[in-house]
Every structure is written in C-alpha cells, then in structure tokens.
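The values are calculated or read from the model by the stated rules, or taken from the named source; none is laboratory data. Because the structure is predicted, anything quoted here is derived from the model rather than measured. Here Cβ is always computed from backbone atoms with ideal geometry, including for glycine, and neighbour counts include all displayed protein chains. Ligands, DNA and RNA are excluded from the accessible area calculation, which covers all protein heavy atoms including side chains. Shrake-Rupley method; radii C 1.70, N 1.55, O 1.52, S 1.80 Å.
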Amino acid sequence: MGISRSSRHKRSATGAQRAHYRKKRKFELGRQPANTRLGPKRIHRVRVRGGNVKFRALRLDTGNFAWASEHTTRKTRIIGVVYNASNNELVRTNTLVKGAIIQVDATPFRQWYEAHYAQPITKKGTKAQAAASGEEPAKRSNHLQRKLEERRKDSKIDPLLEQQFVAGRLYASISSRPGQCGRADGYILEGKELEFYVRKLRSGKQKHGHSA
C-alpha cells in the first residue's frame, strides 16, 4: 500500500465510517519523509506533479541565517538541533525540519559586527583589545571616524545574545523546508522569542536531571 494524502479513510465529524467507493488516486499520493540529518551536503532532485522539481535534502551542514535587528544575513555552519516542539526524537537524531531550534556557529556574525562597528562584540573582547593596544591602530579618515561613531550609537546587544557570542554559538530557528527546497535557512533568535526558548531548554535540562 502506497502513502496516501486523501482523507477518505478518516471518519466523518459525527464519527461515521465513510464508504469505500473508489481506489487510491495518483493525485493523492504522498512520499517518504526526507528526515534531513546533519552531515555533508547531499540533495536529491524529485520530479513531482506538473513536471515541477523539489529538492530533497538528505544531509545538510550549513545555511543562511538572518540577524534581523542588524539587517544582515550570513552563511554559517549548523552545530546541532537543541529543541523541537513536536518531537524530542528529532532533537536526539539531529533532524533538520522547519521550526526546529538549532545552534549555529557565531563566527561569521561576530566578524561582521566587529568590521561594521569597529569594536569588539563582547566585554571579554574589549579587554583583549585593551591588552593588545600596544600595536599600531589602523589609520582612519575623519569621515570614516564620524561614520563609525554614528553607527556605534545603535550598537547595543541583547545580554542573552552577548552570552552566546562569548560561547561562540547562537540559537537560531529554521524557517525554510529542507525536504522541499533543499536548504536549511532561518534567523537568529532574539528578544522575547530567545527568552522563551532559553527558558524551555533550561526547564528541559532540569527535568532530565531529576529523572536521572
């Protein structure tokens, strides 16, 4: 029996079993789930209805992630899946699906920030820069200096995000569908959404600690 997306096998709203009046149809077909895992990129092309093409990602290890508050996007390495609201098994197996909360490498975002604002992203970085201040600083024109000072007025970073930059890993959410478009793209978690998921992850760890 093939996978079918029809609802004819389901009961009606009142609980009655529907009569079987026809066989399965080609336009009702379903396919095996992609179960995209973490690993070196492997994508299959799938020919679908109407001669269209889907890109079934079987393994992915990078993606483009947007840092919304800074209006920038960077390609970065995916480290692992940390939370999935639908199923903990998807966390254990590092399965990449839309809506999964993952950890990504913070390096591309840190490099962009330090180049854009010409200042370290964390307090730890500021101390390291002060220690290395004996070196010759890069010469900047007055125009560039004024431009950087203007930018720095808006260079505030969320304390939770700053902690993650110190660790070198950022929490992100996947907003693309890896099994349909062959990509694992998304956005960096910030503000209330970041607080919510940090709280969820902490409570999950505490539960596992008590059960152990």
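A few notes on this one:
- Unit charges at the beta carbon, dipole of the chain: most positive-side option, Ala16, Ile78, Asn35: Ala16
- Segment 1-74: Rg to Rh, with Rh as the Kirkwood radius over Cα pairs: 1.19
- One Cα centroid belongs to segment 69-95, the other to segment 144-211; the line between them spans 10 Å.
- Dipole size of the chain about its Cα centre, with +1 on Lys/Arg Cβ and -1 on Asp/Glu Cβ: approximately 1840 debye, rounded to the nearest 20.
- Dimensions of segment 75-120 from C-alpha coordinates, computed as largest minus smallest value along each principal axis and given longest first, are 42, 15, 15 Å.
- From its DSSP helices (H runs of at least four residues, each -39,500 (n - 2.57)), the chain gives a residue-normalised ellipticity at 222 nm of -9500 deg cm²/dmol.
- Accessible area of the chain belonging to carbon and sulfur atoms, whole % at 1.4 Å probe: 50 percent
- Pairs with C-alpha atoms separated by more than 29 Å, drawn from the list Lys10/Lys200; Lys98/Lys147; Lys26/Lys75; Lys123/Lys200; Lys54/Lys192, are Lys10/Lys200; Lys98/Lys147; Lys26/Lys75; Lys54/Lys192.
- Charge dipole of the chain about the Cα centre (unit charges at C-beta), most positive-ward option of Gln145, Gly182, Tyr197: Gly182
- Candidates Ala19, Ala85, Ala66: whichever shows maximal mean-square fluctuation once the chain is modelled as a Gaussian network with Cα springs under 10 Å: Ala19
- Average accessible area per residue (Å²) across segment 14-62 - probe 1.4 Å, nucleic acids and ligands excluded: 81 Å²
- Förster-model FRET efficiency, 30 Å R0, Thr107 and Ser4, C-beta, rounded to 0.05: 0.05
- With the convex hull drawn around the C-alpha atoms of segment 19-118, the volume per residue stands at 172 Å³.
- Label corresponding to percent of Cα pairs over 22 Å apart when calculated from the structure given, among [x] 58; [y] 64; [z] 50: [y]
- Backbone phi angles across segment 88-96, fed through the Karplus curve with coefficients 6.51, -1.76 and 1.60 (θ = phi - 60°), yield HN-Hα couplings of 5, 4, 5, 6, 4, 8, 6, 8, 8 Hz in residue order; Gly and Pro are listed as x.
- Listed residues Arg11, Arg152, Arg202, most fluctuating in the chain (Gaussian network, C-alpha, under 10 Å): Arg11
- For the chain, a Gaussian network of Cα nodes joined below 10 Å ranks Lys54, Lys139, Lys41 by mean-square fluctuation, and the top entry is Lys139.
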